Amino acid sequence: MIAFFKGKGRYAIDPLNEFFEKNPVLMKSRDKEVKYFQGYGESLPFREGYFSLVIIDNVLDHTQSPQDVLKETMRVLAPGGFLYLMVNVHTSLGFAVRCLMEMFQIDKGHPHSYTRDGVRRFLENIGFEVCDEELEDYMKSRRSELKSGYLKNKLKVMLGISDIQYEVLAKRR
């Protein structure tokens with residue numbers, strides 16, 4: 001996504017950056033104008049108020065501490081700066097099933113689960129104001145996962161834990 005935005009001062013932080021740098025195919029797809037760093041969202045190497053826009057795309061449910069990631073985002077955003085956040089959310093039933101999966105460490109790559117309302121409250125409690133949001137249609141998500149041909153996706157549909165993309169544009173208060 002960062003390659004889409006043109007301009008100076010584009011940075012990408014990823015805990016898997018060193019892995020990506022060893023893969024020539026992945027390196028080919030990178031924008032040469034973006035500076036890529038090995039790191040974690042819980043500890044960003046930038047001064048306070050450095051950015052006018054921070055993008056968190058499919059990250060929050062994978063982190064060790066989502067609260068720390070959002071606090072760091074708030075710290076590096078200039079007053080009035082914007083956060084674009086995309087995170088997979090679940091229905092209330094799907095959220096309950098995902099919480100059980102987390103408790104038993106069934107899907108270690110996704111240690112956190114959310115509902116749309118939970119993400120909104122989370123953002124507002126940190127100090128963001130939701131300006132715009134878009135929630136993928138649940139039935140469309142289920143159909144897509146069923147058509148994918150992957151057994152894992154079909155199991156997700158049967159368990160009621162289909163991923164629903166939730167996109168938010170929020171402003172730092």
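Over segment 43-93, Cα pairs under 8 Å with separation of 6+ residues give a relative contact order of 52 percent. In the chain, Cα pairs under 8 Å separated by at least six residues give a relative contact order of 22 percent.
Residue order for THR91, THR73, THR63, fewest other beta carbons within 10 angstrom first, comes to THR91, THR63, THR73. Loop sites here are chymotrypsin sites (Phe, Trp or Tyr not before Pro) outside DSSP states H, G, I, E and B with no more than 10 other Cβ atoms within 10 Å. The longest part of the chain free of them is 5-103. Taking trypsin sites (Lys or Arg not before Pro) across segment 31-115, the ones in a DSSP loop with at most 13 further Cβ atoms lying within 10 angstrom of their Cβ are LYS32, ARG47, LYS108. Less than 5 angstrom separates the built amide H of GLY81 from those of ARG172, all sequence-distant by 5 or more or on a different chain. Each DSSP beta bridge with both residues in the chain is either parallel or antiparallel, and the antiparallel ones are about 60%.
Which angle from 0 to 90°, rounded to the nearest 10, does the C-alpha axis of helix 66-76 make with the longest principal axis of the chain? Result, in degrees: 20.
Structure remark: mean-square fluctuation, Gaussian network model of the chain, C-alpha springs under 10 Å; the largest value among ASP31, ASP163, ASP61 belongs to ASP31. Expressed as an acute angle from 0 to 90° and rounded to the nearest 10, what is the orientation of the C-alpha long axis of helix 116-126 relative to the principal long axis of the chain? Once rounded, the angle reads 30 degrees. Loop-located GluC sites (Glu not before Pro) in segment 12-120 (DSSP state other than H, G, I, E, B) with a sparse environment of at most 16 neighbouring Cβ atoms within 10 Å: GLU33, GLU42, GLU48. Projecting the Cα positions of TYR36, HIS110, THR63 onto the charge dipole of the chain (unit charges on Cβ atoms of Lys, Arg, Asp and Glu, taken about the Cα centre) puts TYR36 furthest along the positive direction. The calculated Kirkwood hydrodynamic radius for segment 1-138 is 16.4 Å, given to one decimal from all distinct C-alpha pairs. In the chain, what is the count of Lys pairs whose alpha carbons are under 25 Å apart, counting only pairs at least 8 residues apart or on separate chains? Pairs that pass both the separation and distance tests number 24.
Each reported figure results from applying straightforward, stated rules to the coordinates on display, with no laboratory input. Since this is a predicted model, take the numbers as computed values, not measurements. Cβ atoms come from the backbone with ideal geometry, glycine included; neighbour counts cover every protein chain shown.
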